[in-house]
Every structure is written in structure tokens, then in C-alpha cells.
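Peer 1: Here it is, the structure in full.
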Amino acid sequence: MRKDVRILLVGEPKVGKTSLIMSLVSEEFPDVVPYRAEEITIPADVTPERVPTHIVDYSEAEQTDEQLFQEISKANVICIVYSVNNKKSIEKVTSHWIPLITENTDKDSRVPLILVGNKSDLVEHSSMETILPIMNQYSDIETCVECSAKNLKNISELFYYAQKAVLHPTGPLYCPEKKDMKPLCIKALTRIFKVSDLDNDGILNDNELNFFQRTCFNTPLEPQALEDVKNVVRKNLIDGVCHNGLTLKGFLFLHTLFIQRGRHETTWTVLRRFGYDDDLELNQDYLFPPLKIPPNCTTELNHNAYLFLQSVFDKHDKDRDCALSPEELKDLFEVFPYMPWGPDVNNTVSTNDQGWITYQGYLSQWTLTTYLDVQRCLEYLGYLGYSIIAEQESQAAGITVTRDKKIDLQKKQTQRSVFRCNVFGDVGSGKTGFLQAFLGRNLMRQQMIKEEHRSYYAISTTYVYGQEKYLLLHEVFSDFDFLSDADLACDIVCLVYDVSNPYSFEYCAKVFKQYFMDSKTPCMMIAAKSDLPEIKQMYGCSPLEFCRRHRMPPPQYYTCNTAAAPSRDIYTRLTTMAMYPHISQADLKTSTFWLRASVGATVFAVLGFAMYRVLLKTR
């Protein structure tokens, strides 16, 4: 909502513009009226809407046309004052003032107009019969008020309506000609309905309506008031109420009724609570709340955000198969202005046999977005209504900013849950296969992936000493001359070479020597395609000798050409090295170290699945 309101009064000389302002301020009719009143500011605490209001007078005798045009361009609302006992002043409303204002305002942001019939104390009849056709002709006219500066009649009401026309304008919401809400308003209210429909059954039940009422107006509805609202809808719409709950049609009808009865501030309160601005677009401040991220820190979802995202998944997983079908995914993202996940996401996270994103894959993709592009994550959470449903100040409350990585290294422990592994290797070395194998896909399944749907990321969970962690694999573009800072920033480096290609290892050796030999980032060599015959690498020393010289673990032989899902042990090792970069290479070589990590992973993977099945039964 606007932080202040600027009201301009215009009209023919002697219609009482200045008298209206002075009567409002002094609460009595002035004996002496100057040509023009000075600009006054009414403090926020004495206005109904709690917004500072500036009232500006205009005098033809004291101001030039240029000054008038400037004031028109600055005004948030313009009151065109006429005298109810002066037909010429009424005619001038359409012949002079409305065209003048139209010429001096932007076509895309019309300023609302209030018609003010002053001096009602001098006549016994109303001017409304003359004014109503004018109101019907010009959609910019919000309302008409008849008042008397002398008798103080409707003076405060006049300025309240002017303020209301700015803070709660009818124009963006309603089309008088069609007697219906405008498409943008319907679209916004439809999103609000879907966000508020917590069980996604297409109906707002009493609990959901009460939560909505409390969220928007800070007070629940009494049972009788709730029933009265539903009865009003029942009387006017056949399908407005279903199973004693409000349908989308019923919800939209109620807001149409509010607007038609002049209570559009009710609809605006709802719209603004759900993040909409005066143009019915989601406010940038709502979508992108401030979040400070110091250098060397990463971003993760916290426990409350994961709980919220789990509830969103449950809401849309209608067949309870722990995966989102294309229809269910489309339904989930209906509250977005666009489809945020493309086909590449299905090759970034775990899917079921049908290629649908699983519950684990869904949470993994959110984790990936939070880590790589937290602003986009804030935006997405905003579309889902996180701050409203989770009752938080903003989406930023769902984000944890980790401490500086240097502190983790000093303390030799980390509180982070997401670790990034950048995967380097020459063209054809097996990088993509290594990423896809992490998601449980063997070579046969990988061959079904379309090139245009290929992903350069893969993320899933691993267990290290019983702790669930996310490992994010990123395949780095193989062009050696174009490695960016982002390509080098990670928790662990994976160097992949093809055991069957004698020239494949050389690339890994070059990357390591140029970028990682003197860094503190742990590195691991992957001997990929180990199902093929191993050929001697055309390099100065063997991969094993290279690793020994540079205090790296020996090359880890790996293949994704398996009958079942490929082994995940190597990914547990990578996560462990990322979590404990201070562990000596001697420790890394011992079988007991890896045994402890792997056994922990196996036990907790089984436990995790068992717990998930229990949770699923309770859902």
C-alpha cells in the first residue's frame, strides 16, 4: 500500500475548493476565504487508513497552467469540485476538467477522480440525476459526494473517499460495463484460493476459511457469521457452496459482491496480504525479501521450509504414490506465473520407473535451487505462499545462511547439509554417466535421455556416519580455457578419466596441476568405464602414481554399465571427504575409515526408508 496520499482539488472559481479544505482543518466555516489554501498534511494517526495525506488547492487567479499541469502529474487522486446550484460549473466537469486531466496524465496509470458537489446547503434538490450519466461515461470516476463546506456536511467523508480511491481503487479490480471483476483480479484471487486450499480438494472448509480470515484480518469468523456468508453465496450461486465449503466460484462471487457494495477495501486487504501491488502484480518486496549472504557462505533450506515443502507435496500427490505425475506437477505450479521446472529437472533428481519426480527428488530440486540461486528460491516460495501458510515474516525465514567455510576448516567440523562436487573430465570420459549413476540410473536407462533434456547437475542424499546430507554434482564444461570461478568453487573435486582411452587421464592431470594442486579443496580421481579393458594412459606416470605423488586417494574404479542400479559407495566417499577435508590422506586410504562411513550410510538408508513408509501411512 502507498506510504502517503496526495489529493488535488480543482474546479471553476467560486465553487468552494478552498472553503472545503479550511472547513476540514478548522472544523468550522471560515469567515474570510483566501484565493488559495496552502498545502496541508494530515498526519497518519488521524486518518482512517493510517496514511499521511497531503491536500493541495488550486487557484486560477494565483497559478499558471504549467503549475496546474505539474500538480495534476503529482496527484494520486483529483477531486473535481462543482457547485450544485451552478449548472455551468457542472458542465465544465466534462467539457474542460476531465479532458484536461486526461491530457496531463499517463495513459497506463490513470489517476482516480472524485466528483464533489459543494454548496448542498443552498438547494433542496440533489445533482445526482445530472452526475450519474457522467459517472457511467468515465470509468476513471470513483464516486461522487455532495457536501457543504458551510454546514460541514460530508467534509470528512469527501477526503476519506479520496484517500480510499488511492489506497483501494476500484479500477484495477472491477469493470462497471461488464459488472464483473477484471481478468487480472480473477487471476490473483484464484491463486489466493489455491494457496488457501490447504488440502487441495477445491473447497475452503471452515478451518481453511478461518485460517484465511485470521491471516487477512487478524480475527476468526464466529460460527454464525461463517454460516451467514455461506448462505449469501447459496442464495446467489448454485455451485458456490459444496460439502458445506466455499468453492472457487463462491469465493470469487463474494469478492464481486464486496466490490459492488463499495467494500473493495476488503478485497484489497486480501490481495495485499498475499503480496499483490496496485497493478495486481506480485510485489518485488514480497517475492525478494532482503537476505544477507556473506562471502564463503552457502544457502540451505531450514527445517520449517522443508516441512512446508513436504506439505505442498502431500497436497498435490493425490494418488499417494510418493511421486508427482505430470498432471500433479502442473497442478502444483498453477500458482506460478510460469512453469519453473523443465524436462531437465527429471534428469537432475531421482525419479520413479515412469520418470516422475519422487518425493526425495522433489526435495532435492528445492535444495539445489536454494544452493545455486537463493533469490529464485525466495521467489518460488513466495508464489507458494510460504510466509502466509507457515506464518513467517517472509520467505527469508525459511533460509539458513551457513557460516564461513574458513571457520568450518578451523574448527574441523561443519553444520552444513549440502556439499558441492565439481566433476571435471575430457569429452567422452564418462562425466554424464557418473552424474546419472548417482540418481540410480544404469547405462541402459541413461541411453533413453534425450540430448535436449540433459542436465549438468545431479543431486541426491547420502548418509555419512548416520547423518543425511545432500551431495550436489556439477558437470563442468570440458573446455580447459574457459573455467570460471564458479567452476572452481566447490567442496570437493572429482576428476574423471576413461580407463579405455589412453589420452583421457592427461586432461585430469592438467586441470589438477593448474587449478587444485595448491588449493585446500580435496580431490578424488575416478577411473570410469571400468567394465572395459584398461589401457595404459599416455602420460608421464600412471594415475595411481600421480595420486600417490600428490597425496590423493588412489583412483576409484567405477562403471554404470550394470544390470541393476550402480553402486552408491563412491558418492558416500565423496560426501565424507567434502565434510572432513582436514582428514589426512593416510586416513582416507584405510579400509576401516570407509567401512564406518559406508555401514552408517547403509543402516540409515534402510532406517530412513522405513521411517518414510511409516510417515506415508500416517498421511
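Read-outs: derived from the displayed coordinates by stated rules, not from any lab. Predicted model only: the values in this text are computed from it and were never measured. Cβ coordinates were reconstructed from backbone atoms using ideal geometry, including for glycine residues, and neighbour counts include every protein chain displayed.
Peer 1: What is the spin-label model distance, in nm, from Asp319 to Glu66 if the labels are put 7 Å beyond Cα along the C-beta direction?
Peer 2: My value for the distance between the label points is 7.2 nm.
Peer 1: So if I place +1 on the C-beta of Lys and Arg and -1 on the C-beta of Asp and Glu, and nothing else carries charge, what would the dipole magnitude of segment 472-523 be about its Cα centre? I want it in debye, nearest 20.
Peer 2: Charge dipole of segment 472-523: 220 debye, to the nearest 20.
Peer 1: Mind scanning Lys412/Lys469; Lys292/Lys315; Lys92/Lys182; Lys182/Lys235 and naming the pairs with a C-alpha gap bigger than 20 Å?
Peer 2: Cα-Cα > 20 Å for Lys292/Lys315; Lys92/Lys182; Lys182/Lys235; rest within.
Peer 1: On to the next question. At 222 nm, what helix-only mean residue ellipticity would the chain give, in deg cm²/dmol to the nearest 500, using -39500 (n - 2.57) for each DSSP H run of four or more?
Peer 2: -12000 deg cm²/dmol
Peer 1: Return the percentage of antiparallel bridges among DSSP beta bridges fully within segment 1-83, rounded to the nearest 5 %. List each step's numbers first, then the result.
Peer 2: Numbers: 3 of 12 bridges.
Restricted to segment 1-83, the bridges split so that about 25 percent are antiparallel.
Peer 1: Could I ask something else about it? Give me the angle, in degrees from 0 to 90, between the Cα long axis of helix 264-273 and the longest principal axis of the Cα atoms of the chain, rounded to the nearest 10.
Peer 2: On a 0 to 90 degree scale, this one is about 20.
Peer 1: How do 151-159, 250-258 rank on mean C-beta neighbours within 10 Å, highest first?
Peer 2: The packing order, highest mean first, is 250-258, 151-159.
Peer 1: Amide H to amide H under 5 Å from Arg6: which residues, 5+ apart in sequence or cross-chain, H placed 1.01 Å off N in plane?
Peer 2: His54, Asn76, Val77
Peer 1: Return the whole-Å distance between the Cα centroid of segment 18-74 and the Cα centroid of segment 239-264.
Peer 2: 39 Å
Peer 1: Using mean Cβ contacts within 10 Å as the protection proxy, how do 553-559, 73-79 order, highest first?
Peer 2: 73-79, 553-559
Peer 1: Provide the per-residue ³J(HN,Hα) series for segment 362-367, in order, calculated from phi with Karplus coefficients 6.51, -1.76, 1.60 and θ = phi - 60°, each as a whole number of Hz, with x at glycine and proline positions.
Peer 2: Running phi through 6.51 cos²θ - 1.76 cosθ + 1.60 with θ = phi - 60° gives 4, 5, 5, 5, 5, 5 Hz.
Peer 1: Here is a further query. For Asp228 paired with Cys297, estimate the spin-label separation in nm (one decimal), with each label point 7 Å from Cα along the Cα-to-Cβ line.
Peer 2: Each label point lies 7 Å from its Cα, and together they span 5.0 nm.
Peer 1: Zone of Val46 (label point 7 Å along Cα→Cβ, backbone N under 14 Å): which residues in segment 114-132?
Peer 2: Counting only backbone N, you get no residues.
Peer 1: Another question, then. Say the dipole of the chain comes from +1 at the beta carbon of Lys and Arg and -1 at that of Asp and Glu; which of Asn347, Phe505, Leu252 then lies farthest toward its positive end?
Peer 2: With unit charges placed on the Cβ atoms, the residue in question is Phe505.
Peer 1: Further, regarding this structure: I'd like the orientation of helix 374-384 relative to the chain: the angle between its Cα long axis and the longest Cα principal axis, in ° from 0 to 90, rounded to 10.
Peer 2: The helix 374-384 is inclined about 60 degrees to the chain.
Peer 1: Note down the net charge around Gly262, summing +1 for each Lys or Arg and -1 for each Asp or Glu among other residues with Cβ under 11 Å from its Cβ.
Peer 2: +1
Peer 1: So who's got an amide H within less than 5 Å of the one on Val493, skipping anything under 5 residues away but keeping other chains? H placed 1.01 Å off N, in plane.
Peer 2: Residues meeting the amide H criterion: Cys523, Met524.
Peer 1: Given the peptides 223-233, 305-315, 369-379, 488-498, arrange them by the average over their residues of other C-beta atoms within 10 Å, most packed first.
Peer 2: 488-498, 369-379, 305-315, 223-233
Peer 1: Using θ = phi - 60° and the Karplus form 6.51 cos²θ - 1.76 cosθ + 1.60, what ³J(HN,Hα) does each residue of segment 8-19 get, whole Hz, x for Gly and Pro?
Peer 2: Running phi through 6.51 cos²θ - 1.76 cosθ + 1.60 with θ = phi - 60° gives 10, 9, 10, x, 5, x, 6, 8, x, 4, 5, 4 Hz.
Peer 1: What FRET efficiency do you get for Lys235 and Arg214 if R0 is 35 Å and r is their Cβ-Cβ distance, rounded to the nearest 0.05? Numbers along the way, then the final one.
Peer 2: Details: r = 26 Å, r/R0 = 0.74.
About 0.85, to the nearest 0.05.
Peer 1: If I model a spin label at His550 and Glu506 as a point 7 Å from the Cα along the Cα→Cβ vector, what separation in nanometres do I get?
Peer 2: It is 1.6 nm.
Peer 1: Using the Karplus curve 6.51 cos²θ - 1.76 cosθ + 1.60 with θ = phi - 60°, work out ³J(HN,Hα) for each residue of segment 46-54 in order, rounded to whole Hz, and write x for Gly and Pro.
Peer 2: Couplings: 10, 9, x, 8, 6, 10, x, 10, 9 Hz.
Peer 1: Here's a follow-up. Identify the trypsin sites (Lys or Arg not before Pro) of segment 535-576 meeting these criteria: DSSP loop state and at most 16 other C-beta atoms within 10 Å of the C-beta. Working shown, then result.
Peer 2: Numbers: sites: Lys536, Arg548, Arg549, Arg551, Arg568, Arg573; in loops: Lys536, Arg551, Arg568.
Those satisfying the criteria are Lys536, Arg551.
Peer 1: Shifting gears a bit: Tell me which residues come under 5 Å, amide H to amide H, from Glu146 once H is placed; ignore anything under 5 positions away on its chain.
Peer 2: Distant-sequence amide H within range of Glu146: Gly117.
Peer 1: Nearest 10 degrees, 0 to 90: what angle lies between the long axis of helix 248-260 and the longest principal axis of the chain (Cα atoms)?
Peer 2: The helix 248-260 is inclined about 30 degrees to the chain.
Peer 1: For the pairs Lys179/Lys230; Lys405/Lys513; Lys88/Lys178, flag any whose C-alpha to C-alpha distance is greater than 29 Å. Before the final figure, lay out the partial values.
Peer 2: Details: Lys179/Lys230 22 Å; Lys405/Lys513 23 Å; Lys88/Lys178 32 Å.
Where the Cα-Cα span goes over 29 Å, the pairs concerned are Lys88/Lys178.
Peer 1: Given a Förster distance of 25 Å, report the FRET efficiency between Thr102 and Arg263 from their Cβ-Cβ distance, rounded to the nearest 0.05.
Peer 2: Plugging the Cβ-Cβ distance into 1/(1 + (r/R0)^6) gives 0.30.
Peer 1: Over the chain, what is the percentage of antiparallel beta bridges among all DSSP beta bridges, to the nearest 5?
Peer 2: 40 percent
Peer 1: Could you give the dipole magnitude of segment 93-220 about its Cα centre, charging the beta-carbon of Lys and Arg +1 and that of Asp and Glu -1, in debye to the nearest 20?
Peer 2: 200 debye
Peer 1: When DSSP beta bridges are limited to those with both residues in segment 5-157, what percentage is antiparallel, rounded to the nearest 5? The partial results should precede the final answer.
Peer 2: Details: 4 of 24 bridges.
Percent antiparallel among DSSP bridges in segment 5-157 is about 15.
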